[in-house]
Structure formats: C-alpha cells, structure tokens
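**Student:** Sharing a structure, written as structure tokens. Questions coming.
The values are calculated or read from the model by the stated rules, or taken from the named source; none is laboratory data. This structure is a prediction, so every number in the text was calculated from the model and none was measured. We place every Cβ from the backbone using ideal geometry, glycine too, and count neighbours over all the protein chains shown.
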C-alpha cells in the first residue's frame, strides 16, 4: 500500500489552494491531518476524514453538524485513491453548498499529484539502483558475482556485452556544487541519446562512462572512440568544456574485466593531467607504459627501481647529468647522436656517462642498466608531488 507523507500532503495543500480560495486539509489513511493551510491543525485527528475512509464516500459536514464532531469544521471530505486503494482524504473548509463544484476537481488534482510524485520517486529509485550497480561493477575485481548478474537482469543490463570505461572530471573549481551542476549537464548529454552507455557520478567532480565497445562492427577501435570523444566535447558548451578532462581506459575483451578498464581510465587521467596539463582528452594508448608502471609507485619494487635514478637527481645539482641521460635514452644509447644533440664533444659525453654510472651504480652500456634508469625516470616523473 502507498502511504502519504507530510511533505507530499503539504505539497497538495499548496497547489490546490491556488485553485480555490479555501483552506485545504490533507489527511492520511488514519485520518490524521498531515498538511493544512492552517498549520495549527496539523497532527490532529479529523473525524470527518475517518468517516470518509470507513465508508469510502464523500462526506459533507455543515456548520450545524460540525459542532458534534471532534476536530472538524464545516466542509467537504473526499477519499483519495491510488491504484484502487484509499490512501487518505482531502478536505475543503467551508459550507458544502458553496464547495460541491470544486470537490471532484480538487480530488482529481490531488490524486494526480500523488501519481506524479510516485512516478518521480520510482524514477529516482531506479536511477539510484543503476548508479549503485555501476559502482559495484567498477569495483568487481574478481569477475561478476551471482548477485551482480541477478541485479543486472533486474535492471535490464546485458553484462556479456564488452565495454570500455571512460572518466570525466571537472577541473579548477573550488565550488563543488558548481562542478556537480556541470557534470549533471554532461551526464544528460551522454544519456540523450544513451547509445547503451552506463553513466554514474562517482563523486561531486567526477563521473564514469561504461561505453559499449562494439558500436560499429565487431572489433575495438580506439581511434573511432577518440573521434566520438571529440564529438562529445563539441556538444558541451564552451564555458563548460574548458574545465573538463576526459580519459579513455584500456579495452579488455573479457567483459568481466570492466573494473580494470575503469582503473586504467583513472590512471590515464592522472598521467595525462601531470604530463599534458593543457590538454583535455587522454587515451590509454598514449600513456600505456605509465599506466602499466603505476602499480609500482607504492610498492617496494617501485622504490628499488627508482633508487639509482633518484640518486642521480640528488647529486646532479644543475641538472646537466639528468639532461644528458634523457637525451642518451632518447637516442637509444647512440653516443654520436647524443653528443650532436647536446652540442658537446664525444669525450665530454663519455665523461658525463661515466659520472652517471658512478653515481647510480648502474652500467648503462648494458640493456638492463639502461632500462632500469629509463623506468626509474618514468616513475619519478609521474610521481605525485
């Protein structure tokens, strides 16, 4: 059974009193006044409403008969129905003879308000269910549980459909309410038309999109998805667009790996903001190595890997050796190209390389040593400040 609450009851009072210049009371199925144009009457039991409920009919009360009833004034009391059940009563204060023409109109208006409110509540409930489902989906690191599969079936979502995750963040706004407003507008753009997207706000400043991977054809095409992101950005008002950053994660053929795609989207966004702060779109393919290495940042293996390079940074006060190493890595250890790029003699280059080896304890003439310094440089460069 549907139950009226005081908020909806008062809403009915406010809206119906705009139709008729008489006091309106709304009672629940126990005859208790939940809403009224006269605040002093709220909470009282209305005997006229109890009579209308028990007999399921309109009850008219004149000034003469009102004196014999408790908590009642002259007026008309009409039972309110929702889905065939009595959920309460709407009462109009005044002499019945003057109010009969308004009774059915107000009853119909009140029942329509209840129906609209219930429909909106159901829509909000369904949205929250879908949002919570998406939260659980991007956290499901060990595949889809039976509970998640059942939940998807109830929501009409096909979990066997391969998807890829994207993340959108609002940047540079200290007012979270403003950022939240922007994201809601973006969310509306993504859902109209939806094209099968699953969209949810994961915070006041971020939303996630789980996009069908095979909208065109039967294979994943990151370039096509990049073009779609460009089209989305053109649909967003310019004043909002400049504050948005969007990252597309890696596509995993196994649909159950959607949480990994979400994680790569988040890490791609972090790397992109750090290395290309002036851009607004970041693709996993452009930051794949950084993303793959990101798991080492908080691990002892990552600390060991960065130790030689960090030693170089600490000892290299003017940055000359670090710049030399960067160019040396850029040219894959080709000393002549490196010397030419730095505009130095090869003997000077050899001296600097020997100095780098002494400080780091790494043999950069070997692939393992060169690779260790390169990875160390990448990890340090992307380490949060």
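**Student:** If I filter region 364-373 for residues that are surrounded by 18 or more Cβ atoms within 10 Å (Cβ to Cβ) and closer than 22 Å to residue 271 by Cβ, do I get at least one hit?
**Tutor:** For region 364-373, residues surrounded by 18 or more Cβ atoms within 10 Å (Cβ to Cβ) and closer than 22 Å to residue 271 by Cβ: present.
**Student:** Could you list, in sequence order, the residues of region 325-359 that are within 45 Å of the chain's Cα centre (by Cα) and in a helix (DSSP H, G or I)?
**Tutor:** Matches in region 325-359: 325, 326, 327, 328, 329, 330.
**Student:** Out of 335, 377, which single residue is more than 25 Å from residue 271 (Cα to Cα) and touching a helix residue (DSSP H, G or I) at 6+ places or on another chain (Cβ under 7 Å)?
**Tutor:** 335
**Student:** What about residue 310, is it free of Cβ contacts under 8 Å to residues at least 12 places away in the same chain and either part of a loop (DSSP other than H, G, I, E, B) or not assigned by TED's automatic domain parsing to the domain that holds residue 230 (or both)?
**Tutor:** Taking the combined requirement at face value, the residue does not satisfy it.
**Student:** Out of region 360-385, which residues are in a helix (DSSP H, G or I) and within 18 Å of residue 291 (Cα to Cα)?
**Tutor:** 371, 372, 373, 374, 375, 376, 377, 378, 379, 380, 381
**Student:** Take the residues in region 215-238 that are assigned to a loop (DSSP other than H, G, I, E, B) and under 23 Å from the mean Cα position of the chain (by Cα); name whichever of them is modelled with the lowest pLDDT.
**Tutor:** 215
**Student:** Condition first: surrounded by fewer than 18 Cβ atoms within 10 Å (Cβ to Cβ) and in contact (Cβ under 8 Å) with a residue 60 or more places away in the chain. Now tell me which residues in region 23-58 satisfy that.
**Tutor:** 23
**Student:** Mind counting the residues in region 122-147 that are assigned to a helix (DSSP H, G or I) and within 19 Å of the chain's Cα centre (by Cα)?
**Tutor:** Within region 122-147, residues that are assigned to a helix (DSSP H, G or I) and within 19 Å of the chain's Cα centre (by Cα) number 17.
**Student:** Could I ask something else about it? It is to be established whether one or more residues within region 79-87 are over 14 Å from residue 107 (Cβ atoms) and either in a loop (DSSP other than H, G, I, E, B) or at pLDDT 95 or above (or both).
**Tutor:** Yes, region 79-87 has at least one match.
**Student:** Sort through 92, 87, 61, 76 and tell me the only one that's more than 18 Å from residue 3 (Cα to Cα), in the same structural domain as residue 109 (by TED's automatic domain parsing) and touching a residue at least 40 places away in the same chain (Cβ under 8 Å).
**Tutor:** Answer to the check: 92.
**Student:** Out of region 249-259, which residues are touching a residue at least 12 places away in the same chain (Cβ under 8 Å) and either assigned to a helix (DSSP H, G or I) or over 25 Å from residue 218 (Cα atoms) (or both)?
**Tutor:** Matches in region 249-259: 255, 256, 258, 259.
**Student:** Here is a further query. If residue 272 meets every condition in (1) crowded, with 21+ Cβ neighbours inside 10 Å; (2) within 23 Å of residue 141 (Cβ to Cβ) apart from one, which number is that one?
**Tutor:** All conditions are met except number (2).
**Student:** I'd like the residue in region 275-297 that is in contact (Cβ under 8 Å) with a residue 60 or more places away in the chain and within 17 Å of residue 230 (Cα to Cα) and, out of all such residues, is surrounded by the fewest Cβ atoms within 10 Å (Cβ to Cβ).
**Tutor:** Among those residues, the one meeting the criterion is 285.
**Student:** With respect to residue 329, determine if the residue is under 28 Å from residue 277 (Cα atoms) and not assigned by TED's automatic domain parsing to the domain that holds residue 260.
**Tutor:** Spelling it out, residue 329 is indeed under 28 Å from residue 277 (Cα atoms) and not assigned by TED's automatic domain parsing to the domain that holds residue 260.
**Student:** Here is a follow-up. Just give me the residues in region 19-47 being part of a loop (DSSP other than H, G, I, E, B) and out of contact with any strand residue (DSSP E or B) (no Cβ under 6 Å at 6 or more places or on another chain), in sequence order.
**Tutor:** Result: 19, 20, 21, 30, 38, 43.
**Student:** Hey, any hits in region 272-283 for a residue that's assigned by TED's automatic domain parsing to the domain that holds residue 201, more than 26 Å from the chain's Cα centre (by Cα), within 23 Å of residue 197 (Cα to Cα) and outside any helix (DSSP H, G or I)?
**Tutor:** no
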